[in-house]
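Notes follow once the structure below has been shown.
The values are calculated or read from the model by the stated rules, or taken from the named source; none is laboratory data. In this text the structure is predicted, and so the values were computed from the model without any measurement. Cβ placement follows ideal geometry from the backbone for every residue including glycine, while neighbour counts extend to all protein chains displayed. Side chains included, ligands, DNA and RNA excluded: accessible areas come from the protein's heavy atoms. Shrake-Rupley method; radii C 1.70, N 1.55, O 1.52, S 1.80 Å.
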Amino acid sequence: MTAKLFSLLMGLSCMCILSTQAQDLDTLVDVGGYDLHFVIWEGEGMPILLAAGGGNDATVWTRTDFVEQLQRITQTTIITYDRSGFGQSEYDPKLADDQKSLIDYGVRDLEIGLTKLGYDRDLIFVGHSYGGFYAALFAHQYPERVQGMVLIDANHICYYSEEYVEGLKEEWTEAWFANIRNISEPVYFECLSFFETIEHMRGIEIDPEMPVIDLVAEDPPFDSLNDVSWRDCHADFVAASPQREGILAADCDHYLHFDNPSLTINAITKIFAQVDGSVDQAAILERSLAYNLQSANQYREQEYDYWHSEQDFNGWGYRLLNEEELAQAIAVFALNTALFPQSANAWDSYGEALLLAGRETEAIEMYQKSLALNPNNQNAREILERLKKK
């Protein structure tokens, strides 16, 4: 049950992290009686828009120096935003619950916000996971706007066969939805609109003439859940056009821009240099080479630091959740809190797993410990408030 939620909406990792990068604009934009949150790093050249996956807000891009390094190489404008209900963005108050996260409205909101901010011309769309649907639909509805695309282990509609979707409909019962709402209300609303979003995406195709780099993880957490192969679906997408390049991200899981940021940054830089004719190709190449020399050396250092770290154990726990090994995942999260008792994120993840197992009393205790260590953990605060109202 829970693994399919993680696989489809990809983001219940409770990354309670604030950006430390110096952005030029952090603003709320009224898109029709409610606000959408944008963060912009200004530069020269075709803007690059980063769309997060399901269950994530825009801070997923700034938990590392990903944006900083990408802009250092391209020196162009980088834009991130929170979809309705996530981060600092609001929902359209006129929409029913099962429409709040419908993709058609989400793409409409994004276009209105970008236009109001003055970004109503060419851009490059980068979509991770569920954000791949947003990239495809935005490019379909505004074909003159999107000049290139990078997809990061993104959703392709071919994965969602009729049989697979029907199986999910049977599994997502009223009790299942209630459990999800306890964990994350924004994810709950995404789930409510998920099946209508899938039907909306059927028949939506990315222009075969558009340059696209499609990155796919070597170790996605999906193939055990569906008869359709995640990697084969990506391969079929790439094979449909000579303008598409597929890259298998070796030894990477779904968040491959964390596992191998240089691969993702290089893919975006390649598309940027290809479609923006105004850029200085030699200067970009020089900055890219300098970055890759540095990152190659740092990668080995970070690899040693990561082994048996709090993040390593946390990632192991979530992989077990994706494999429907809930009891083992709980044991790993418990071990993580024993090894790293001062980590608010470790206690938060442990609480999440206990909540998925229906062990609410214990989950409340873990979320309280997380909040005590990090009073700014809004995720823990909201979950505790909902649980106390029951």
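A few notes on this one:
- The fraction of accessible area contributed by carbon and sulfur in the stretch 257-388 is 52 percent, rounded to a whole number (1.4 Å probe; ligands and nucleic acids excluded).
- Environment charge of G351, counting only residues whose C-beta is closer than 11 Å and scoring Lys/Arg +1, Asp/Glu -1: -3
- Taking only protein heavy atoms and a 1.4 Å probe, the accessible area of the stretch 136-186 is 51% carbon and sulfur.
- Furthest towards positive pole of dipole, Q342, S288, S370, structure part the stretch 231-375, Cβ charges: S288
- The stretch 21-109 - percent of accessible surface contributed by carbon and sulfur, probe 1.4 Å: 43 percent
- In angstrom, the C-alpha Rg and Dmax of the stretch 81-146 are 11.9, 33.
- Difference of contour (0.36 nm per residue) and Cα-Cα distance, T64 to S161: 31.4 nm
- Normalised by 2.2 N^0.38 Å, where N is the number of residues, the C-alpha radius of gyration of the chain stands at 0.95.
- For T80, the solvent-accessible surface with a 1.4 Å probe is about 0 Å², rounded to the nearest 10.
- The stretch 155-224: mean projected area of Cα convex hull, nm²: 6.4 nm²
- C-alpha long axis of helix 310-322 to longest principal axis of the chain, angle in °: 80 degrees
- On Cα atoms only, tilt of 344-356 relative to the major axis of the chain in degrees: 70 degrees
- Cross-link partners for K388 among the aspartates and glutamates, with Cα-Cα distance under 14 Å and sequence neighbours closer than 8 places in the same chain left out: E360, E362, E365.
- Convex hull of alpha carbon positions in the stretch 42-191: directionally averaged projected area 9.9 nm².
- Annotation: K100 carries an accessible surface of approximately 40 Å², with a 1.4 Å probe and no ligand, DNA or RNA atoms counted.
- Accessible area expressed per residue, the chain, with surrounding protein chains retained (probe 1.4 Å, Å²): 43 Å²
- The helix-based estimate of mean residue ellipticity at 222 nm for the chain, built from -39,500 (n - 2.57) per DSSP H run of four or more residues and divided by its residue count, is -16000 deg cm²/dmol to the nearest 500.
- Counted charge near H200, where neighbours are those whose Cβ lies closer than 14 Å (Asp, Glu -1; Lys, Arg +1): -4
- Calculated on the Cα set of the stretch 167-279, radius of gyration then Dmax: 17.5, 55 Å.
- Heavy atoms of L192: accessible area, 1.4 Å probe, square angstrom to 10: 50 Å²
- The charge dipole of the chain, taken about its Cα centre with unit charges on the Cβ atoms of Lys, Arg (+1), Asp and Glu (-1) only, comes to about 780 debye.
- Positive minus negative residues near L70 (Lys, Arg vs Asp, Glu; Cβ under 15 Å): -2
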